[in-house]
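The values are calculated or read from the model by the stated rules, or taken from the named source; none is laboratory data. Given the structure is predicted, the values throughout are model-derived calculations rather than measurements. Positions of Cβ are generated from backbone atoms using ideal geometry, with glycine treated the same way; all protein chains shown enter the neighbour counts. Quick note on the areas: whole protein, heavy atoms, side chains included, nothing else; ligands and nucleic acids left out. Shrake-Rupley method; radii C 1.70, N 1.55, O 1.52, S 1.80 Å.
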Amino acid sequence: MTHKLIRTPRARLAGVAGAAAAGSLLLSSCGLGTSAGISPSGELGPKLATVKKLDGAEIAVGSKQFTEQQILGKIAVILLQSAGGNVKDFTTIPGSAAAREAQIQGQTTFSWEYTGTAWITYMGHTKPIPDPRKQFDAVKAEDAKNGLTWLQYAPMNNTYGFAAKEATAKKFNVKSLSDLKKVPKAQRTLCVDTEFANRDDGLEPMLKAYGIPLGSEIPRNQIKKLESGAIYAATNNGLCNFGEVFTTDGRIKVLKLQVLADDKKFFPLYNVAPVFSTETLEKNPQLSDLFGPVSKKLTNETMIELNAKVDVDGENPSDVAFDWLKKEGFIK
């Protein structure tokens, strides 16, 4: 199946249009401001004990402003400091465009980036590649021309999805989007945000791809249009049986929602990966050994839990990052 779903998740692409201009002005005039606060550090833990120390290598870490990126950025800052790097913390850059421009210009030399964001938003492609390895390889090859090197991507994939309360999923025996066909027609109630509902590459093509077209199989009055943030509660309280979500959002865990598998691979892939300037990586090849084991541990379930600690429990992203690295044996 081919499609043109090029909408980027709210969190990752928030403010791209405005940030492009503002970010360009920021970068060309006064440079980036350092992140507020001090990130803790320790020493490399048992799982990274054989990695060669960085001996003061200078690395500038950038991240975008939303919660997940703040946590990932702080993971990098703490890990690099613990490995002996001299780290400049430029996490929480406002907007994807500004964060990307900072790395292209060399003001940051590291970031965690999403394959789908790079392929669709930065590189301008309209057709996602449904295989995660092939999507990653394509992005890595193209970004090499920009002096950037992508290291092994993580299992976590912060893309779009639909979720239901666990009780609802059990009641209708649904585990995937294809299983929506099993649900009685009158119970196929969906909550989506207005943009997704109205796009010509959003809700209707998705439903058509899964054989439950809007109108004939799902009455239009069973589609509820809400703000993105309200969908989680609406799905939980029964306003709709199925709600549009982002697959690493912390509210999935807190509200005990079950994400349905995108078994026809309709949605683009947004696997996250460490991205270094090629020059920095060539000078410090051990960075690959440092980040490889960390990336492997970043699953959807892990990221949902970490995001919830910040967005629901109110913890500081630096503390969440430090505690996770220590728990996993990456630092001590």
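Has the range 59-78 got any residue that is in a loop (DSSP other than H, G, I, E, B), among the hydrophobic types (A, V, I, L, M, F, W, C) and open to solvent by less than 10 Å² (accessible area, probe 1.4 Å)? No, the range 59-78 contains no residue that is in a loop (DSSP other than H, G, I, E, B), among the hydrophobic types (A, V, I, L, M, F, W, C) and open to solvent by less than 10 Å² (accessible area, probe 1.4 Å). Going by the conditions given, is Ser41 part of a strand (DSSP E or B) and either open to solvent by 20 Å² or more (accessible area, probe 1.4 Å) or modelled with pLDDT of 95 or more (or both)? When the stated conditions are applied, Ser41 does not pass them.
The one condition from (1) surrounded by fewer than 21 Cβ atoms within 10 Å (Cβ to Cβ); (2) at pLDDT below 95 that Glu279 does not meet is (2). One residue stands out in the range 294-330 among those that are β-branched (Val, Ile, Thr), assigned to a helix (DSSP H, G or I) and more than 20 Å from Ile38 (Cα to Cα): the one that is least open to solvent (accessible area, probe 1.4 Å), namely Val294. When the range 116-127 is examined, which residues are found to be assigned to a helix (DSSP H, G or I) and either among the aliphatic types (A, V, I, L, M) or farther than 13 Å from Pro268 by Cα (or both)? Within the range 116-127, Ala118, Ile120, Tyr122 qualify. Considering Ala273, Ala234, the condition of being touching a residue at least 40 places away in the same chain (Cβ under 8 Å) and either assigned to a loop (DSSP other than H, G, I, E, B) or crowded, with 18+ Cβ neighbours inside 10 Å (or both) is satisfied by Ala273 alone.
Confirm whether Ser176 is within 29 Å of Ile231 (Cα to Cα) and in contact with an Asp or Glu (Cβ under 8 Å, 6 or more places away or on another chain). Considered against the rule, which asks whether it is within 29 Å of Ile231 (Cα to Cα) and in contact with an Asp or Glu (Cβ under 8 Å, 6 or more places away or on another chain), Ser176 comes out as yes.
Elements of the type helices (runs of 4 or more DSSP H) sitting completely within the range 128-217 and holding at least 3 residues that are free of Cβ contacts under 8 Å to residues at least 24 places away in the same chain and either under 18 Å from the mean Cα position of the chain (by Cα) or surrounded by fewer than 20 Cβ atoms within 10 Å (Cβ to Cβ) (or both): these cover 132-143, 166-172. Being out of contact with any Gly (no Cβ under 9 Å at 6 or more places or on another chain), among the aliphatic types (A, V, I, L, M) and either more than 19 Å from Lys309 (Cβ to Cβ) or at pLDDT below 95 (or both) holds for only one residue in Ala234, Ala230, Ala261, and it is Ala230.
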